[in-house]
Structure formats: structure tokens, C-alpha cells
Amino acid sequence: MHGKLMLPLAAAACLINGCVGGPHAHGAAAGASTHNQTATLSPEVANAAMAAAVQQVIATEQAFAKTMTNRDFKAFLTFLSPEAVFFSGASVKHGPAEVAVQWQPYFEGRKAPFSWAPDHVEVLASGKLALSTGPVYEDGKIVGRFNSIWRLEADNAWRIVFDKGEAVCSTKP
């Protein structure tokens, strides 16, 4: 991606595509809420709980990305943890207010300047912290990769706490 847009984009890239309602629509999977609970479950039940948590994070990331597609800045903000930290090049934005100032320009105009989608999600055994990562697209071309850390917060909503992106090298083999 190009310099100025790629870094904030990559940072925001943790935001992923989707058509789910929002972070409040995604609660913790039964049995996946604490490490102690998971440790006492049979392997089959623990695996099912983990798989459910992974699906929740995928859906949340997709819904987060969908806010860009839908040009819905207010919805975008609902996915940010009060402790959100977004990296963009040498710049680091702390908290929803700083992130909002940085990201609001991306929501101007009729067409989204970029999009993203998760291609890998990992959830801790505790079911409380997750990593989502995937490509960032501009005009259908992969221009970057995002890495987002999501936390299951007290209201059982997954919210992004860290976001960082990087450009993709465009060298030919």
C-alpha cells in the first residue's frame, strides 16, 4: 500500500470484514470463559468451546471491517476498547478519542479506501484474548497485513486493544 495510508490502514487493518451486528452481539462461548473451566472440561467440549470462541472473533473482526465498507464510523468506534492502542508507522494512538481522530478521514467519501479480512485467528485457552490477522486490500490488491489483539471485555463483547499493520513487499520471485 502507499506510505501514509498503509500504516494507519495496517494498524486499523485489525478491523476485519463481516456482516454481524457489532461487538455487543458476540458473547463468550459457554465453557470458554475461563482457563479453569476449560481445563476441567473433556477434550471434546474444550475443543468445541475454543472453536466457538474462534468463530466469535472471526465474526467480530468481519463486523469491524464491515463498518468501513458500510461507511459507518459510529459503529467502528463501538469495537474499540477504552484501552485501544493503534500503531501507524512511527505514530501510536492511545484510546478511542485518538484512534477516532486518525481513522475518521478513512470514513469520508462514498467508497472505502481499503478493506481487510481475517485469515487466521488464535484464542488463548482462557477464552479472553485473541489475535486476528489477515490481508489488507486496496482496489482488490493485497497491499498490507493487519494484526489485531482482541479482548473479551466484562460485557462479553470482543473489543480491539492493539492494532498494527504492515506493508507487503511487492517483489517478484
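Restricting attention to segment 22-63, the residues that are modelled with pLDDT of 95 or more and in contact with a helix residue (DSSP H, G or I) (Cβ under 7 Å, 6 or more places away or on another chain) total 1. Only one of (1) touching a strand residue (DSSP E or B) at 6+ places or on another chain (Cβ under 8 Å); (2) modelled with pLDDT under 95 fails for Ser126. Which number is that? Ser126 satisfies all of (1) touching a strand residue (DSSP E or B) at 6+ places or on another chain (Cβ under 8 Å); (2) modelled with pLDDT under 95 except (1). Segment 59-129 holds strands (runs of 3 or more DSSP E) entirely within its bounds, and those carrying 3 or more residues that are more than 12 Å from the chain's Cα centre (by Cα) and surrounded by fewer than 22 Cβ atoms within 10 Å (Cβ to Cβ) map to 80-88, 91-94.
Checked against the criterion of being under 23 Å from Asp155 (Cβ atoms) and either modelled with pLDDT under 50 or basic (Lys, Arg) (or both), segment 64-71 contains one or more residues that satisfy it.
Being more than 17 Å from Arg159 (Cβ to Cβ) and at pLDDT 95 or above holds for only one residue in Gly109, Gly95, Gly134, and it is Gly134. Listed by first and then second residue, the pairs linking a residue in segment 140-152 that is buried (at least 24 other Cβ atoms within 10 Å of the Cβ) to a residue that is of a type in the set (Asp, Glu) and at pLDDT 95 or above, with Cβ atoms under 8 Å apart and 6 or more places separating them unless they lie on different chains, are Phe146/Asp163; Ser148/Glu61; Ser148/Asp163; Trp150/Glu61. For segment 61-115, the tally of residues that are closer than 14 Å to Asp163 by Cα and either in contact with a Ser or Thr (Cβ under 9 Å, 6 or more places away or on another chain) or not hydrophobic (A, V, I, L, M, F, W, C) (or both) stands at 18.
The values are calculated or read from the model by the stated rules, or taken from the named source; none is laboratory data. Given the structure is predicted, the values throughout are model-derived calculations rather than measurements. So basically every Cβ, Gly included, is an ideal-geometry build from the backbone, and we count neighbours across all protein chains shown.
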